[in-house]
Number of protein chains: 4
Amino acid sequence: MGDIFGHVFRISTWGESHGGAVGVVIDGCPPRVEVDPKAIQRDLDRRKPGQSLITSQRREGDEVEILSGVFEGKTLGTPIAMLVRNKDARSKDYSEMLEAYRPSHADYSYDAKYGFRDHRGGGRTSARETIGRVAAGAIAKTLLAGRCGVEIVAYVRSIHHIEADVNPNKVRASQVEKNAVRCPDPEAAEAMYEFVDQMRREGDSAGGIIECVARKVPPGWGDPVFDRLEADLAKAMLSLPATKGFEIGSGFAAAQMKGSEHNDEFYATKGKIRTRSNLSGGVQGGISNGENIVFRVAFKPTATILRPQKTVSPEGASVTLKPRGRHDPCVLPRAVPIVEAMTALVLADHYLLQKMNETE
Amino acid sequence: MGDIFGHVFRISTWGESHGGAVGVVIDGCPPRVEVDPKAIQRDLDRRKPGQSLITSQRREGDEVEILSGVFEGKTLGTPIAMLVRNKDARSKDYSEMLEAYRPSHADYSYDAKYGFRDHRGGGRTSARETIGRVAAGAIAKTLLAGRCGVEIVAYVRSIHHIEADVNPNKVRASQVEKNAVRCPDPEAAEAMYEFVDQMRREGDSAGGIIECVARKVPPGWGDPVFDRLEADLAKAMLSLPATKGFEIGSGFAAAQMKGSEHNDEFYATKGKIRTRSNLSGGVQGGISNGENIVFRVAFKPTATILRPQKTVSPEGASVTLKPRGRHDPCVLPRAVPIVEAMTALVLADHYLLQKMNETE
Amino acid sequence: MGDIFGHVFRISTWGESHGGAVGVVIDGCPPRVEVDPKAIQRDLDRRKPGQSLITSQRREGDEVEILSGVFEGKTLGTPIAMLVRNKDARSKDYSEMLEAYRPSHADYSYDAKYGFRDHRGGGRTSARETIGRVAAGAIAKTLLAGRCGVEIVAYVRSIHHIEADVNPNKVRASQVEKNAVRCPDPEAAEAMYEFVDQMRREGDSAGGIIECVARKVPPGWGDPVFDRLEADLAKAMLSLPATKGFEIGSGFAAAQMKGSEHNDEFYATKGKIRTRSNLSGGVQGGISNGENIVFRVAFKPTATILRPQKTVSPEGASVTLKPRGRHDPCVLPRAVPIVEAMTALVLADHYLLQKMNETE
Amino acid sequence: MGDIFGHVFRISTWGESHGGAVGVVIDGCPPRVEVDPKAIQRDLDRRKPGQSLITSQRREGDEVEILSGVFEGKTLGTPIAMLVRNKDARSKDYSEMLEAYRPSHADYSYDAKYGFRDHRGGGRTSARETIGRVAAGAIAKTLLAGRCGVEIVAYVRSIHHIEADVNPNKVRASQVEKNAVRCPDPEAAEAMYEFVDQMRREGDSAGGIIECVARKVPPGWGDPVFDRLEADLAKAMLSLPATKGFEIGSGFAAAQMKGSEHNDEFYATKGKIRTRSNLSGGVQGGISNGENIVFRVAFKPTATILRPQKTVSPEGASVTLKPRGRHDPCVLPRAVPIVEAMTALVLADHYLLQKMNETE
């Protein structure tokens, strides 16, 4: 279990990093949504390794094949199956994984859970699993943009100590794509690039924060109890590899505030009810209030580093691990499209759920 | 939709703050689990208002009635229904709510979603909804303690600027219950109490952070993709009223770290595989690794404050709100048992899921 | 698990026959649906025992209490909790159940499943469990009638060898309610009544068939694969106590037909596409086609009979059972509203699911 | 929605008859189950068209490709993705489908639901959709056989007026496979073959009944309320194309019986509790009782016939349809492995669910 996500717009991803392919099935996408294979491929290309010096050098074409659910450029309302073949799986690089549990990877916990493991890679915890999410997210984005004009933009907010200056209400996707780091603040982006490159050279890695904004989400999406919009977003984000935290609106800073500072005052303008500040992050009582939905996700530094590390074998013997594989000194640039995809999936789900409340 | 939580140990809560009652149905609790109504009541008493000067003065007996699923002190394996009557619902206090959207409450977003609302209270976003969660969580705790020895302890880590000094590996529940704030660091607790009391006198409110530890969770619980243990915990926590953030292990601090600092080294001791540090927070690749599961939840300051606030009526007219109801200057002391309950529910769910992987 | 039914209009029933109460929680009913407690009570009264000489003499007021989700006569869009107290539970009548497995009851299989059982009654397999379904179904009926004009009428088609002559396209609810048997063919109804009364006097019981028609269901509800309308109806019906079979349209008779006889010819009339015959039973490819949905459910004779029966104790000792409790010589008259309720629940679910396909 | 089946052992099928491929993803299969690709292929070959003169002459290799979830011949506990390419899709044969709704096919109801359709075939209602079910069912069978020794045998019980004489307690799979009809009574099989061949020559088709038995299912699988074993089986069977009815044990015959005839007397033998008769069909109160599970499924005659039929165009104009495509004069021989597969999926699901009730 655990490989299906969503309430009514549901995706089911499958595939190991070292199996034949990875893919996704979308169940619940409504009919008559335009599907542009190039747009899907574009997001997959943003996610794939080998884009620049600062991402993993594993080379994968990652070409998506749409196998069902789409006819003459539109969804049929039936399951959409997409797959991407695994090509560049150099199994030999991973032979040591049989003899040692890699620190802060899932090798040990995976063994404890399943009692059996494809030792050639990270299995389902591999970042390759996210290919299906990105492909599905691209379709969710189109649905949301076409039906409601929703815009979703994610970007790198910080890497290690370097923080960018970004206004989530104005940032544009084109600004994000201007550099390899996917940070729309050019100066910060440059500093980040240099820092990550240094990490690469040192065989080390760096963490950071991705911020995401969803604009033009109408008020009324979400649910007041378990399926709160922020709860579903938190689940979506913490289900991504390497994430350690999620915050929405004021986030952890709210913990140091007073109610008189934190409350968002309502006012009316042009027939709409708006709030002057947006510490709520676009969500009140679990339901969108029409303001921009803004949240942040903390990523830890990649666990794979090219330095000797002490660990143990499955039998408990002390081992010193000297990794020689490829490594991603910072996962964030490639994680940006993944965060966008998961956001789109959560919002598409709640868009459909809210349709059931309409009387027409 | 949105009122059912869990994959196989599923709870379904119901009830408005101003309806006849609130309650819960547990579906999927296994048979032969001991149920002590006093233990359930004890957790409900820890959650209920009116416990001290610094919590809401709304007086509710909050006595739980178990209506099904339990026979001769043990679960039957069938749905367990529990309810608590609403008693002290002074509707008159809330009459202004028809005329003004309360800032940072869900009144407006609720209207946008449902087009119809019980204006006498917060409906399902009311903290009373959590009664069902706490009652169900008490049974989940018993299941986990009895079958695996799992210990769950939550406590107030900080309120506004005051931070406690607590060791999650050692903190005991009895230390948490020693004061009205539910902070196991006595000095910090005193400072917190005074600060919250000051907020109460000023008609203001304060945010803070709750930390929770789950000890003795065996390795192997969780899932590597969507139903990662941290993803389900994040969803559980962000589904609570007034929460703005979640982090596990190193959390947001990980964003400023290098892989060489962050990785948790494995070692073997007494036939067990352990990690020397625990920046992972007890979870690797979404699956428990046998270390303590440690996470933090950020709570915003309560939205209800006793100060004039500018807002609008449903028709968009400017209104100044002068709240006269009761208010909770800080939600955290009462939220401690709720955080514990949600943690127990997530863990009980994954305990049962993992049973399906066993070959016996 | 197993106590939640429905995809998006979900009900969760709870309660044992000999516990404090039985009830239901509806999750997913849209807001602004009118709720008439009298209409709910009316269906519960049609279901309750003690209505006539030919039903069980167990006396239960079965008065429903609505505890949440309804405000000023309309649904709030939040969970609707309803309960009915158990009153006339004469535990002493059931004392023998500890010592012997009653033939064709669930005592033995229940023990095998749970290893623990409330021996005072049938637990969740008791017909009392259906109270929650009937209460929820009454609300689903109102939703369907108000939004789409759907009419659902069930009736006793046959008891033992006595078959009624009924036209499902024309039968009215008022005709069904004219007699204690709930058979709209008055002559057959009289013969059935006499036969069931004879069974009662002989301490025996009788099976039969209930037919149900849903009229004015628009074309397009249902799904082509697993959640076919007939699949969900079949599941709904076979989830009722004492059912052994389900057939839709031509049903088992189709097995003896040729395609040239069975196909329903299309024609157009008044701007609508219709079929001349309706052997499909209103469903083609799992999806409603606008014709009347007609299906039948086979009920076995009640397992409780007032005759000595050979059986065994839980330890395997031979026992002769001499039941002295109350008994229902024929379950069908009381099952009519239950079949209607389950039909309404399935249709309400698919009504909501189909809203997600609309572009507006 | 509607393309996911199962509670914890869940399959998600995808694919149109005229798209690139059809397939399935299994989520929830436990780790360490042996997987023999040849066994999967064997069941697919039993399902595929072109096996004999009396099945459709559409030629498909139907070779399964396992893309994930299996490593070194065993399941990993992760999603198992399998696909089969569509090869022999002669689109030209189906060109008429744009101009006419085929009687008793889903063309019209599909249009009403989706407003958009791949007119080249039956889309998801095509029998090709069942390929994924059969592949998944083959793995479920292995799980059940390996862990509990469960044997599932389905066979043709009747075609049109010809009924076979079969003892479900003794029938063997090898007897079923001895002839093209998949009927273990050789005389009946011959008569059936001749009748179906006559239908083929006449351009007509025939309905029939498949019976299925599951032996060695331990007592205790199933659930007393919604997820009764018979309810899940009924849903599984009615979710298959062309099915019109389901009955278990005594089935519709129970409607003409008295309780004194129908009850299954318990007795004890060799430390086991058994019933002397098995009118219950192996299930009591929704839960298996250790006896053989026996049920029957009614199939209508195939809707595709090679005779002129009156119908309408999507615009409502009268049309006479003269089908020239390939046709399957009787779907039952190929449906036998599909019924077995769905039975295995339901039982594997309840096998896993029951593991959660175990204490160690």
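A few remarks follow.
- Nearest-ten-degree value, helix B:37-47 long axis tilted from longest Cα axis of chain B: 60 degrees
- Rotational relation D to B, axis-closest Cβ in chain D, residue and distance rounded to whole Å: D:Lys355, 3
- Modelled this way, with points 7 Å down the Cα-to-C-beta line, the labels at D:Lys310 and A:Arg307 are 8.4 nm from one another.
- 7 Å along Cα→Cβ, label-point gaps from B:Gly73 to other copies, nm, shortest first: 5.1, 5.2, 7.2
- Here the sum of -39500 (n - 2.57) over DSSP H runs of 4 or more residues, divided by the residues of the protein assembly as shown, equals -8500 deg cm²/dmol at 222 nm, to the nearest 500.
- Summarising the label geometry, the points placed 7 Å from Cα in the beta-carbon direction at A:Glu261 and D:Glu63 lie 6.8 nm from one another.
- Take chain D and mark each of the trypsin sites (Lys or Arg not before Pro) that is in a DSSP loop with at most 16 other Cβ atoms within 10 Å; the longest unmarked stretch, sites excluded, is D:91-169.
- Between the C-alpha center of region B:1-68 and that of region B:192-233 there is a gap of 19 Å.
- Between this copy and the others, label points of C:Pro186 are 6.1, 8.8, 9.2 nm apart in ascending order, each placed 7 angstrom from Cα in the Cβ direction.
- Between C:Ser52 and D:Glu34, the modelled label-to-label distance comes to 6.0 nm, taking each label 7 Å out from Cα in the direction of the beta carbon.
- Here A:Lys178 and A:Lys87 are evaluated by their C-beta separation; at R0 = 30 Å the FRET efficiency comes out at 0.55.
- Listed pairs D:Lys38/D:Lys87; A:Lys258/B:Lys322; B:Lys74/B:Lys178 exceeding 22 Å between Cα atoms: B:Lys74/B:Lys178
- Ignoring aspartates and glutamates fewer than eight residues from D:Lys355 along the same chain, the ones with Cα atoms less than 12 angstrom from its Cα are B:Glu358, B:Glu360.
- When +1 charges are put on Lys and Arg Cβ atoms and -1 charges on Asp and Glu Cβ atoms, the dipole computed for the protein assembly as shown relative to its Cα centre reaches about 20 debye.
- Folded to 0 to 90 degrees: helix C:229-238 orientation relative to chain C principal axis, Cα: 10 degrees
- For chain D, the longest principal axis of the C-alpha atoms and the axis of helix D:130-148 are separated by about 10°.
- Separation between Cα centres of region B:289-342 and region A:250-295, rounded to whole Å: 13 Å
- The dipole here belongs to region A:4-355: it is taken about the Cα centre, uses +1 on the Cβ of Lys and Arg and -1 on the Cβ of Asp and Glu, and is about 320 debye.
- Distances in nm from B:Glu261 to the matching label points in the other copies, shortest first (labels 7 Å along Cα to Cβ): 2.6, 8.2, 8.3
- Taking the charge dipole of region C:1-140 about its Cα centre, with +1 at Lys and Arg Cβ atoms and -1 at Asp and Glu Cβ atoms, the residue from C:Ile80, C:Val22, C:Ala138 reaching farthest to the positive side is C:Ala138.
- Shielding of peptide B:212-225 by partners, expressed as the average count of other chain Cβ atoms within 10 Å per residue Cβ, is 5.
- Part-to-part distance (alpha-carbon centres) for region A:137-185 and region D:108-153, which is given in Å: 40 Å
- Residue order for C:Glu202, D:Glu358, fewest other beta carbons within 10 angstrom first, comes to D:Glu358, C:Glu202.
- Equivalent ellipsoid of region A:4-355: semi-axes from √(5λ) of the C-alpha gyration tensor, largest first, are 34, 25, 19 Å.
- Each peptide in C:284-294, A:98-108 was scored by the mean count of other Cβ atoms within 10 Å over its residues; highest first, the order is C:284-294, A:98-108.
- Per-residue shielding of D:179-191, expressed as the average number of other chain Cβ atoms within 10 Å of the residue Cβ, stands at 0.
- Average other protein chain Cβ within 10 Å of Cβ, residues D:153-166: 1
Laboratory data are not the source of any read-out in this text; all were calculated from the coordinates shown. Only a predicted model underlies this, so the values are computations on that prediction, with no experimental measurement involved. FYI the Cβ positions are ideal-geometry reconstructions off the backbone, even for glycines, and counts take in every protein chain you see.
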